[in-house]
Structure formats: C-alpha cells, structure tokens
Amino acid sequence: MNVAGEPSFRDSVDLMFKRAAALLDLSPGLQEKIRVCNSTYTVRFGVRLRGEIKTFTGYRSVHSEHMEPVKGGIRYALSVNQDEVEALAALMTYKCALVETPFGGSKGGLCIDPRAWDEHELEQITRRFAYELIKRDLINPAQNVPAPDMGTGEREMAWIADQYKRMNTTDINGNACVTGKPVNSGGIQGRTEATGRGVQFALREFFRHPEDAQKAGLSGDLDGKRIVVQGLGNVGYYAAKFLSEEDGAKVIAVIERDGALIDEGGLDIESIKQWMAGSNGLLAGYPKGKFMADGGAALELACDILIPAAMEGVIHLGNAERIKAPLIIEAANGPITFGADEILRRKGAVIIPDMFANAGGVTVSYFEWVKNLSHIRFGRMQRRQEEGRHELLVQELERLSADKQLGWTLSPGFKTKYLRGAGELELVRSGLDDTMRAAYQAMRDVWHGRQDVEDLRVAAYIVSIGRIAAAYRSKGL
Ligand code: GLU
C-alpha cells in the first residue's frame, strides 16, 4: 500500500521489533544480530516458453540461522520484491520461535502472475527455480525447507520435492526438503487446512479468557460473533468455514479481488467458494448477499472480529482510523502497518498478531518434516493397540451396565466415539491445538505480567526475541 509517510514492509517489521526490543535487557549488538536479515539470494533464470526465452526473477532470503533448517514459504506474485521477502523471512524467525518449531526463518518469492501460465508451464518454471535454489543448498532437508505461500500450493511443493530427489538420488530424507506436499507424495493430513485451523484455535483460546475478550469489549465465546474476512484463499477460506460451521460465528462479509459480499444474516462460505471456482475467482454475480465493488470499504464495516487473510499492508495510515472492529486477528503476514498499529491501539482495538495467528501452517509443516524424517505416519504403531485397551474398558462398562440393580446405561454414541483410536488427522489437530494454546499462554503471561507491555504484538515479540537471544547466547555469540 503506497500511503504517504508509510515505511516499507521490511521497515515496518523492524520498527515493531525495535518497539519490543527496547523493553528487553539485550546488548545493542545482539539486538542488531537478531534483527538483520542474514542473506538474500536473487536468481534470474530463463525458461523457453511459447517459442521464446522468458526471464524470471526469484528470491530466497534467510533471516536467521540460530536454528537449522530455516523455514518459510515460497510466494508466487507479481508484487514479490526483495523488501517483501526479507520482511516475511524475519516474521518467520519470530513465528517459529513463538510456537517452538525448531527452525530459523526464511522466505522465498518468484515475480510471476501464476494465472498467466498453464500447469505445464508453471511446472517448468517451478522446477527451474527449484534447481537454482537446490544447487546452492537453499532447498535442503537439513538447511532450508520451503512450503506453500500465496500463489503456491501442494502441486508446486510436489514438483520441488521431485526436483530435489532427482538431483540428490541417494538422500534418503529427500522428502523432507519441502513441506506442504500432497498427502500421497509425502505430505501430512491436515496441512492444507492448518493455517485456517490455527486461526480458529487462536480465537477459541482468546475467548477462553474473559478478561482478554473484555479488553476488546467482547464477552462470551465465538457463538454469534460477527466476522469480516478479507481473502478467501487457503487461509481465509478455512478460517471462515471452520468458525462459521463449527463455532456458530456469523461471517457477515467476505472481501476478494473484485469486491465484497455482505450479508448480515451470515454467508455460506462453502457455497461462495464453489461459486468462485466457476467464476475465475470472482465474487460478483453470486446469487445471495449484497455485492459491493469497493472491497476495501468493507474492511471498515462494524463487526466483532476482522480477519485480514490476504496481503500485507491492507490496514494502513489511510484507513486505520475508520476501522471499527474491536478485535483484529492477523491471519495474513503483516496486514497492519506499523503506523496503523499505533492508531488502532490508541482506539482500543485488540490485535492478535500475525506471528501467532497464522503460525498453524508452519506448525503442521514441522509435523510433516518430522514425519518425513521418521519415515512413518503418525499413529501407525499405536492406533490399534489403543483401540484394544479402550475395548477392554468398554466391555467392562457394558458388563456393569447389564446389572439392572446398578441402573447404569452408556450414553448413545459413547462406545464408537471412545473406541476409535486417533488417526493422523486427529493427532495433527491435537498437536496444533496444543501449540496454539501454549504460545498464547506464553504471550499472555507477558501481556498481563508486565506493566510496560500494552499489547499482544509486543508480548509476542518479547517471547520470541527472548528465545532467539537464548539460542544465540548458548552458541557463544
Ligand atoms: N508460508 C507459511 C507462513 O507464512 C508457511 C510456512 C511454512 O510452513 O514453512 O507461515
């Protein structure tokens, strides 16, 4: 967003870091070491397409190697540039530290409009980009592990994994060179939904603390809360779907490229997504709700929870004053600029920061990487054994309930629910839930425990920076 007086995305992240670092007892040297981006590699490569050589520019930036491998997605968009990739790599470092995934931070990007190329062309471009990064160890199971981001998904990750394995035929851990792969090619159940699922778990945890909800002037749980979602991509779609279908929240507006759909009665996310699949991703023409071409204005609607799940910088100095949501959860990376953050805080809004809110993706990426290194699906050894032990207990309960004198009965459905041992998807969701709860608690302890901390973003940075500093110190830096 080019609003006058607004710093770049990279500077905005730096300013947020510095606001928190000022409250920590760190030497200026260590502070600087943690803040700066270690390296950014720019690659320009040619691919013969449609009868001529097309040149593409891509980046892989490594922000911090205090833990390895470094981790972070690869974005395909025309707007990709070095400043953006470095800002996103920095956010990956802080995010991984906050949710305790044992990685440093990295990010990649390719300047490309993925809609402009067909599948075969995209495969050629992706394989060539991957080749350039692999030969420099910028994709490697032990050093640098990409994942999907805007404009990429499991299809691209499968191409990257295959390219790595072609170039490293004897690496038995080759599948762990990238996460977010399809389940049939080394992926893990629940990775696609993970970021949206994480947003849901983050909000559930927030509402478990009435004092926290009270800070946003809200009470109760998610039931009946009015939500505005920007972006129905992988993150926004799953977040909106789960919150409306499972928690009773009402999505009153969704914002996409061509405008916004509004319905105070609540929108049906699944049916909108189906509509978009047949309309080239456009909302216009959807038969229900009111369509508004000025999507940006819908960010300013009165609601309980605003979920920016699209791009960075969408809430800026130019519109922050008009944002009415008392609670904003940053499902995208960097949707609120440094200046806008200040305005919103002054207005009393509570912001659940990106490095926590959207950490579900990298958390499940971690599970996938571990699965790939251990070469076995989670739950494969235990599931039937667990079911066997449950069976014993159920038989005993059935025996007791047969005794009419005790007057016991088992509630309907108990037996099937209790008998079923956890499969991979259940285990992934349980690991993700636990991660989001633990990270929220860590942030919350700082938020409530320190007089000088007024918001969750600073609290999140304090937790992360503290952990990264400890890792550097133990290395003798
Ligand atoms: N691109 C996602 C993010 O921004 C996922 C990164 C990963 O799974 O490594 O967090």
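The numbers here are math on the coordinates, done by the rules we state, and not lab data. From a predicted model like this one, the values you see are computed outputs, not experimental measurements. Ideal geometry is used to build each Cβ from the backbone, glycine not excepted, and the neighbour counts take in all protein chains shown.
What to note about this one:
- Applying 0.36 nm per residue to the separation of Glu386 and Phe45 and subtracting their alpha-carbon distance, the gain on full extension is 117.5 nm.
- Net charge over other residues, Cβ less than 10 angstrom from the Cβ of Leu243 (K, R count +1; D, E count -1): +1
- The value of relative contact order for the stretch 49-178, using C-alpha pairs under 8 Å at least six residues apart, is 29 percent.
- Simple rule: put +1 on each Lys or Arg Cβ and -1 on each Asp or Glu Cβ in the stretch 437-477, find the dipole, and look at Trp447, Ala469, Ala459; the Cα lying farthest toward the positive end is Ala469.
- Cα-projected label distance for Gln405 with Lys18, points at 7 Å along beta-carbon direction, nm: 8.0 nm
- The stretch 35-103-the stretch 289-355 distance, computed between alpha-carbon centres (Å): 25 Å
- Taking a straight Cα-Cα cut-off under 12 Å and skipping sequence neighbours fewer than 8 places away in the same chain, the aspartates and glutamates within cross-link reach of Lys250 are Asp223, Asp263, Glu264, Asp268, Asp304.
- The listed peptides 111-124, 389-402, ordered by packing as a protection proxy, come out as 111-124, 389-402 (highest mean of other Cβ atoms within 10 Å first).
- Scaling the Cα radius of gyration of the chain by the globular reference 2.2 N^0.38 Å produces a ratio of 1.02.
- Taking packing as the residue-averaged number of other Cβ atoms within 10 angstrom, the listed peptides 151-161, 361-371 run from highest to lowest as 361-371, 151-161.
- Computed over the chain: relative contact order in percent, which uses C-alpha pairs under 8 Å that are six or more apart: 16 percent
- More than 27 Å apart - percent of Cα-Cα pairs taken over the stretch 241-374: 27 percent
- For the stretch 249-280 versus the stretch 136-199, the gap between their alpha-carbon centres in whole angstrom: 30 Å
- Loop GluC sites (Glu not before Pro), the stretch 252-356, which have at most 15 other Cβ atoms in a 10 Å radius of their Cβ (DSSP): Glu264
- Based on alpha carbons, the Rg and Dmax found for the stretch 1-106 are 16.3, 59 Å.
- Projected onto its three principal axes, the C-alpha set of the stretch 383-477 covers 67, 31, 20 Å, listed from the longest axis down.
- Cα→Cβ-extended label distance, 7 Å offset, between Glu398 and Gln441, nm: 3.7 nm
- Chymotrypsin sites (Phe, Trp or Tyr not before Pro) within the stretch 218-286: DSSP coil, no more than 13 neighbouring Cβ in 10 Å: none
- Highest to lowest packing among 171-178, 184-191, scored as the average C-beta count within 10 Å: 171-178, 184-191
- When you restrict to C-alpha pairs under 8 Å that are six or more residues apart and normalise by the size of the stretch 1-83, the relative contact order lands at 25 percent.
- Helical runs assigned H by DSSP (4 residues or longer) give the chain a calculated mean residue ellipticity at 222 nm of -14000 deg cm²/dmol, each run adding -39500 (n - 2.57) before division by the residue total.
- Lysine pair count for the stretch 68-227 with Cα-Cα distance under 26 Å and sequence separation of 8 or more or different chains is 15.
- Segment Leu373-Thr170, length gained on full extension (0.36 nm per residue, minus Cα span): 71.6 nm
- On the basis of the beta-carbon distance and an R0 of 56 Å, Asp118 and Glu264 show a calculated FRET efficiency of 0.85.
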